[in-house]
Amino acid sequence: MSDLAPLGVYVHWPYCARICPYCDFNVFKDRGRTDEQAALARAIVADLEAQRALTGPRTLTSVFFGGGTPSLMDPAWAAEIVAAATRLWSPAPDLEVSLEANPTDAEASRFAAFADAGVNRLSLGLQSLHDEALAFLGRNHDAAQAIRAAQTAARAFPRLSVDLIYARPGQTPEAWAAELTRAVDLGPEHVSPYQLTIETGTAFDRAVRRGRIAPVDAETGARLFDLTQTTLEALGFEAYEVSNHARGEAARSRHNLVYWRGHDYVGAGPGAHGRIRGPAGREATVAAARPADYIARVAETGFGFDSRETLSALDAAEERVLSGLRIAEGVDRDEIAALDLPAPKVGELVELGLLADDPQRLRATPAGRLVLDAVTRALLT
């Protein structure tokens, strides 16, 4: 491994065949945008080339294609972007190249081409293995397609992660435990179970306000969260982060650990965020959100940035707490010295069993990660 500082690359591909009712990401309908998509792929490569001058030489630990639905893109474009990233920065021997995909038959038919493009880890959005739940979630696949896609992905890629959504209205603990077990039986090394949240401005948000659906209550959500932990632990998965479980350390998401450990990452593509070390401190970058605006910005300036600012030492330390407490290892106290956290406040959270009694690292306990928002609010208020 090189002694250069680690770097991740996030590529946002914003197009979706269908926009899910729970989604508040920066997404656009895929249909009829072929010319724009080709221009976007070229702009992403140009943006990465421009940002290389900002980061300098680094060890590239991960490339992550997120979205949107990046499995809808031409695999040749993914190959060009991966080739650019590995040319601009020094790839680690265990470089992780992840791509998010949905389990439609059309997307699964392209998995081998993405593997040839350099993708070695697929993040498959199963979301559920029940047809009724998939219809409620607005998905454009059924359970049979989900199973076929997971089986195809397991053959095409050396690493497979699956996403699931729980705490759906009417879901029982027994049904959720059985669904988790079925998902693990498909052979993933990594499982990301996300509790359904109602995000402002989404179709589900409008449905809740109109009384058409009722989210599960906090007590039920907490019970399902606990069940998630115990079920996956019994199946051989460690909860190394609030919503991420891996079958051993090698199966952890290297790219997500870039975020949670406070390493630098370059963001390219519409609406992509980045964090890079600048001359005056940690810089936050945000790309233009609309594809046409992003393409135009790259053509005009070389960068896709809509904004670029240096974080204050206090803001950077707060960000480290918010991300670092999500993982079991926590955050080194030296990294958050600017916060000057009051010892009595930390001690109270330790006594409550929400923080570990560790003089070197600020770490949330499993109980603390269950109520992490309250813990971070107590620390940072």
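The values are calculated or read from the model by the stated rules, or taken from the named source; none is laboratory data. The structure displayed is predicted, hence computed values, not measured ones. Heads up: the accessible areas ignore ligands, DNA and RNA and are worked out on the full protein's heavy atoms, side chains in. Shrake-Rupley method; radii C 1.70, N 1.55, O 1.52, S 1.80 Å.
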Accessible area per residue, Å², the chain with all protein chains present, probe 1.4 Å: 43
Accessible surface of the chain, 1.4 Å probe, proportion on carbon and sulfur as whole %: 51
Projected-area mean, the range 1-56, by convex hull of Cα positions, square nanometres: 5.9
Amide H contacts under 5 Å for Gly278, placed H, 5+ residues apart: Glu283
Heavy-atom accessible area order for His190, His130, largest first, 1.4 Å probe: His130, His190
P(r) of the range 287-381 over all Cα-Cα pairs, binned every 5 Å from zero, in whole percent: 3, 13, 20, 19, 10, 7, 8, 9, 7, 4, 1, 0
The range 178-266: translational diffusion in µm²/s, Stokes-Einstein, Kirkwood Rh over Cα pairs, 4 °C, 1.567 mPa s: 86
Relative frequency of Cα-Cα separations exceeding 27 Å in the chain, percent: 51
Scaled radius of gyration (Cα, divided by 2.2 N^0.38 Å) that the range 5-158 gives: 1.07
Centre separation in Å (Cα based) which lies between the range 314-368 and the range 137-204: 31
